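This report concerns only the one structure given below.
What follows is calculated from the coordinates using simple rules that are stated; it is not laboratory data. Computed from a predicted model, the values in this text were never measured in an experiment.
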Amino acid sequence: MRIDKYLKVSRIIKRRTLAKEVTNEERILVNDKQVKPSYNVKIGDIITILFGNKEVKVKVLNTNEYAKKADASLMYELISEKLIQS
């Protein structure tokens, strides 16, 4: 599954277009490497997302094409969430 779609389906980012923009702006890292929106997510990947002054790291547990709202949080495990000092 493409990373922009994964971020939307897992509800880490609410809209796919926004996920694509964030990825294009190089604020998404997978296993500490910059990726494009077309990157195929694999189970076990560590995704780092930079939201302004906040960094969120998650581990991919599942890559289902569709997820209900209740099941979306089962697609990933939150590793860390921290504020970045400017």
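Couplings 3J(HN,Hα) of segment 6-12, computed from phi: 4, 4, 6, 5, 7, 6, 6 Hz, in residue order, whole Hz [Karplus 6.51 cos²θ - 1.76 cosθ + 1.60, θ = phi - 60°; x for Gly and Pro].
In the chain, the calculated helix contribution to ellipticity at 222 nm averages -5000 deg cm²/dmol per residue, counting -39,500 (n - 2.57) for every DSSP H run with n ≥ 4.
Taking all Cα pairs closer than 8 Å and separated by 6 or more residues, the relative contact order of segment 37-76 comes to 34 percent. Pairs of lysines in the chain whose Cα atoms sit within less than 14 Å of one another amount to 14, provided the residues are eight or more positions apart or on different chains. Based on Cα contacts under 8 Å between residues 6+ apart, the chain shows a relative contact order of 27 percent.
So for segment 19-77, what percent of the C-alpha to C-alpha distances run longer than 17 Å? Before the final figure, lay out the partial values.
Working: 691 of 1711 pairs.
Here the tail beyond 17 Å accounts for 40 percent of pairs.
The HN-Hα couplings worked out from phi for segment 60-72 by the Karplus form 6.51 cos²θ - 1.76 cosθ + 1.60 (θ = phi - 60°) are 6, 9, 8, 10, 4, 5, 9, 8, 6, 3, 5, 8, 4 Hz, whole numbers, x standing for Gly and Pro.
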